[in-house]
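Okay, so here's the structure we're looking at.
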Amino acid sequence: MQDPAEETVTIVGPLCTPLDRLADRVALPTAAVGDVIAIFASGAYGATASPSAFLGHPPVREVLIGANHA
């Protein structure tokens, strides 16, 4: 998160619909194979709002990462 932005990208989700965009034309550091992108506010990508088995996709997985604000 501290690296400077070096490219403008569009981040898409796994669905085959043109509306499945998580970010459009955002400036980010250059991505490499194996990098992870964290979505801090998932909206419809949360398990309770995702369409179950949409286009044959398996159940959604959620990972919650807590932060200790001392």
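The values are calculated or read from the model by the stated rules, or taken from the named source; none is laboratory data. All values reported here derive from a predicted model rather than from experimental measurement. Every residue, glycine as well, gets a Cβ built from its backbone with ideal geometry; the counts of neighbours run over all protein chains shown. The area values use the complete protein model at the heavy-atom level, side chains included, leaving out ligands, DNA and RNA. Shrake-Rupley method; radii C 1.70, N 1.55, O 1.52, S 1.80 Å.
Each row is one residue, and each column tells you yes or no for (1) among the small types (Gly, Ala, Ser); (2) modelled with pLDDT under 75; (3) in contact with a Phe, Trp or Tyr (Cβ under 8 Å, 6 or more places away or on another chain); (4) part of a loop (DSSP other than H, G, I, E, B).
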residue	(1), (2), (3), (4)
THR17	no, no, no, yes
ALA23	yes, no, no, no
ALA31	yes, no, no, yes
ASP35	no, no, no, yes
GLY66	yes, no, no, yes
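Take the residues of region 53-64 that are outside any loop (DSSP other than H, G, I, E, B) and under 23 Å from ILE37 (Cβ atoms): which is most open to solvent (accessible area, probe 1.4 Å)? Steps first, answer last, please.
So in region 53-64, the residues outside any loop (DSSP other than H, G, I, E, B) come out as 54-56.
Checking which are under 23 Å from ILE37 (Cβ atoms) leaves us with 54-55.
Values: PHE54: 83, LEU55: 101 Å².
Ranking the qualifying residues of region 53-64, first place goes to LEU55.
Please specify each residue of region 13-32 satisfying the condition of being β-branched (Val, Ile, Thr) and closer than 18 Å to ALA53 by Cα. First the steps, then the outcome.
We begin by selecting, within region 13-32, every residue β-branched (Val, Ile, Thr); these are 17, 26, 30.
Matches in region 13-32: THR17 only.
Which pairs do you get when a residue that is aliphatic (A, V, I, L, M), found in region 22-45, comes within reach of a residue that is open to solvent by 70 Å² or more (accessible area, probe 1.4 Å) and modelled with pLDDT of 85 or more, reach meaning Cβ atoms under 6 angstrom, with the pair 6+ apart or on two chains?
ALA27/THR8
Which condition breaks for ALA49 when tested against (1) loosely packed, with under 10 Cβ neighbours inside 10 Å; (2) at pLDDT below 75?
(1)
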